[in-house]
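Here the structure is laid out as structure tokens; the discussion comes afterwards.
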Amino acid sequence: MRRFLMCSHGAAQVTDAPPPGCTFVGTVAADGERYRVLRGEDKTLYAAPAEWVE
């Protein structure tokens, strides 16, 4: 089951490691966790844990 978070840019799919080539667009906090919101080359939004490093 996929999990999504809503942010000011739209719905971001929660993932442990987004695909390569994503660009950072912001951060969001949910359920006591911080997530980095990234936009993929196909304009899909991803939310990765804040400690994730590319």
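For the chain, a simple Cβ point-charge model (Lys and Arg +1, Asp and Glu -1, everything else neutral) yields a dipole of about 180 debye relative to the Cα centre. Taking other C-beta atoms within 10 Å as the exposure proxy, MET6, MET1 rank MET1, MET6 from fewest upward. The gain in end-to-end length when the MET1 to GLU41 segment is fully stretched comes to 12.1 nm, 0.36 nm per residue minus the alpha carbon separation.
Summary value for the range 4-49: 39 percent relative contact order, contacts being C-alpha pairs under 8 angstrom separated by 6+ residues. The fraction of all Cα pairs in the chain landing in successive 10 Å bins from 0 to the largest distance is 27, 62, 10, given as whole percents. Relative to the current alpha-carbon distance between GLN13 and ALA29, full extension at 0.36 nm per residue lengthens the span by 4.4 nm.
A short reminder: the numbers here are calculations on the coordinates, not readings from a lab. Remember, predicted model here, so these are calculated numbers, not experimental data. Please note: Cβ atoms are built from the backbone with ideal geometry, for glycine as well, and neighbour counts cover all protein chains shown.
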